[in-house]
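The values are calculated or read from the model by the stated rules, or taken from the named source; none is laboratory data. In this text the structure is predicted, and so the values were computed from the model without any measurement. Counting neighbours? That spans all protein chains shown, and the Cβs are built from the backbone with ideal geometry, glycine included.
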Amino acid sequence: MSLQKALCHHAFGQPADVLRLEQVEVPEPKAGEVRVRLSAAVINPSDYGMIGGSYGHLRELPAVAGREGVGVVDALGRGVFSVGVGARVRFPENGAWQETACMPASDLLMVPGDVPVEQAAFSFINPPTAYCLLKKIVHLAPGSWVVQNAGNSAVGMAVIQMAKVMGLKTISQVRREELVAPLQAMGADHVVLEGSGWPKQVQALTGGEPIRLALNSIGGDSAIDQIKALGEGGTQVTFGGMVGDPVRFPTRFLIFNDVRLVGFWWDKWSRKAGSKGLGEVMGAVYGMLRDGSLKLPVEATYSFDQYQAAFRHDKRPRLGKILLKP
Ligand SMILES: NC(=O)c1ccc[n+]([C@@H]2O[C@H](COP(=O)([O-])OP(=O)(O)OC[C@H]3O[C@@H](n4cnc5c(N)ncnc54)[C@H](OP(=O)(O)O)[C@@H]3O)[C@@H](O)[C@H]2O)c1
């Protein structure tokens with residue numbers, strides 16, 4: 001029996017408390033399945049929710065943690081002819097922090113070979129979410145204004161770069177001054193500091209044009225600021241809650257400004273969209289990753305053995321994702 005490394009948890013809790021590097025059996029693909037070998041995986045906020053037991057869907061314990069990574073097919077089960085060994089694919093999402101895993105060949109998501117592996121590793125959740133937030137919630141004519149908080153998150157940086165491609169204009173909120181210049185270099189029209197009373201400056205920043213869409217992944221006061229900045233009939237989409245505070249809404253803005261508050265969850269959207277809808281979104285994402293109009297920074301890469309340092313780093317101020325490699 002051969003063994004491989006896997007980052008596992010046997011209880012729900014903080015990664016530092018419950019995550020362990022274990023040796024598990026290397027799986028053999030059954031009929032109709034392939035085995036995928038991990039090239040690189042990523043740490044996302046939703047991993048904390050899944051490991052902590054608070055996410056929208058959870059795994060049975062004990063579980064291998066991690067949701068997002070890219071790999072190559074390294075073994076074929078009986079009757080698999082649709083894909084060959086060496087094909088680059090999304091790593092099975094039901095436990096991405098392990099060396100290999102098996103999945104049905106029919107469920108594979110193919111990844112273009114000319115997308116850099118570090119970009120491919122986190123191309124499956126945040127960039128398509130950014131694309132959907134800009135394309136699937138409200139119709140935005142070129143030149144429309146979009147505001148967002150967490151402008152330096154992976155979603156936020158994808159929004160900035162995709163908005164540029166789509167001819168949209170962005171105002172991005174961040175918590176640290178040193179993020180302003182790098183986000184502007186990525187194409188952000190305006191970058192403002194949290195707590196700077198920016199809803200009052202919006203008129204000046206947009207030249208009086210209304211804000212059509214606000215993207216909220218923080219909650220609390222930041223979300224309220226956004227609602228106040230929205231123009232008549234504008235929409236706020238909540239897709240994350242980094243502060244954990246409930247989103248409170250200022251009643252008068254709903255009544256007198258007719259603003260709309262909606263939610264978005266990529267997991268559900270992509271399941272409902274089916275292979276055609278998923279193909280459209282991923283095709284757009286890979287098009288931008290290939291031509292370089294979308295490029296997201298990597299803050300650091302750690303091996304599985306260094307996972308505790310990786311999680312400590314993930315919690316420090318950073319600009320870019322923390323990658324995990326076997
Ligand atoms: N609904 C969906 O389908 C979906 C899909 C993808 C992502 N998301 C959500 O989108 C958000 C961003 O994900 P990501 O992977 O792009 O994030 P990321 O790259 O890991 O970055 C995390 C971001 O959150 C900010 N942040 C953390 N704690 C904060 C706090 N207490 N107050 C204000 N800001 C805080 C960080 O700002 P600092 O650098 O200043 O700490 C940083 O901008 C998360 O909430 C995630 O769950 C949702």
> What is the residue count in the stretch 248-280 for residues that are exposed (fewer than 12 other Cβ atoms within 10 Å of the Cβ), within 13 Å of the ligand (Cβ to nearest atom) and assigned to a helix (DSSP H, G or I)?
Replying inline: 2
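So that you can scan it fast, the table gives a plain yes or no per residue for (1) in contact with a Cys (Cβ under 9 Å, 6 or more places away or on another chain); (2) modelled with pLDDT under 95; (3) more than 14 Å from Q98 (Cβ to Cβ):
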| position | (1), (2), (3) |
| --- | --- |
| L21 | yes, no, no |
| K30 | yes, no, yes |
| R35 | yes, no, no |
| I43 | no, no, yes |
| H57 | no, yes, yes |
| V64 | yes, no, no |
| V73 | no, no, yes |
| L76 | no, no, yes |
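Residues checked against (1) more than 16 Å from the ligand (Cβ to nearest atom); (2) crowded, with 21+ Cβ neighbours inside 10 Å:
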residue	(1), (2)
E209	yes, no
L213	no, yes
N216	no, yes
G220	no, no
A223	no, yes
K228	yes, no
T235	no, no
F239	no, no
G244	no, no
> List, please: which pairs have Cβ atoms under 6 Å, are six or more places apart or on different chains, and start with a residue in the stretch 184-205 that is part of a strand (DSSP E or B) and away from the ligand (no atom under 16 Å from the Cβ) and end with one that is at pLDDT 80 or above and of a type outside the set (S, T, N, Q)?
Replying inline: H190/I171; H190/L205
> If only one of G283, G320 is more than 11 Å from the ligand (Cβ to nearest atom) and at pLDDT 95 or above, which one is it?
Replying inline: G283
> Looking at the stretch 96-135, which of its residues are β-branched (V, I, T) and away from the ligand (no atom under 16 Å from the Cβ)?
Replying inline: T100, V111, V115, V117
>> Which count do you get for residues in the stretch 281-322 that are part of a helix (DSSP H, G or I), in the same structural domain as A41 (by TED's automatic domain parsing) and more than 16 Å from the chain's Cα centre (by Cα)?
In response: 10
>> Condition first: more than 15 Å from the ligand (Cβ to nearest atom), over 18 Å from W266 (Cβ atoms), at pLDDT 95 or above and not assigned by TED's automatic domain parsing to the domain that holds D47. Can you find one or more residues in the stretch 85-95 that meet it?
In response: no
>> Tell me the residue from I160, I171 that is more than 8 Å from the ligand (Cβ to nearest atom), under 21 Å from T206 (Cα atoms) and not in a helix (DSSP H, G or I), please.
In response: I171
> Going by the structure shown, is T206 closer than 21 Å to V259 by Cβ and either in contact with a helix residue (DSSP H, G or I) (Cβ under 8 Å, 6 or more places away or on another chain) or among the aliphatic types (A, V, I, L, M) (or both)?
Replying inline: no
> Mind checking whether some residue in the stretch 52-62 is crowded, with 20+ Cβ neighbours inside 10 Å, out of contact with any strand residue (DSSP E or B) (no Cβ under 8 Å at 6 or more places or on another chain), closer than 24 Å to N126 by Cα and in the same structural domain as K321 (by TED's automatic domain parsing)?
Replying inline: no
>> Which pairs turn up if I take residues in the stretch 163-175 that are under 19 Å from P199 (Cβ atoms) and buried (at least 20 other Cβ atoms within 10 Å of the Cβ) and look for partners that are at pLDDT 95 or above and basic (K, R) with beta carbon separation below 6 Å, at least 6 apart in sequence or on another chain?
In response: none
> Just for the stretch 281-298: of the residues that are small (G, A, S) and touching a residue at least 12 places away in the same chain (Cβ under 8 Å), which one is surrounded by the fewest Cβ atoms within 10 Å (Cβ to Cβ)?
Replying inline: S293
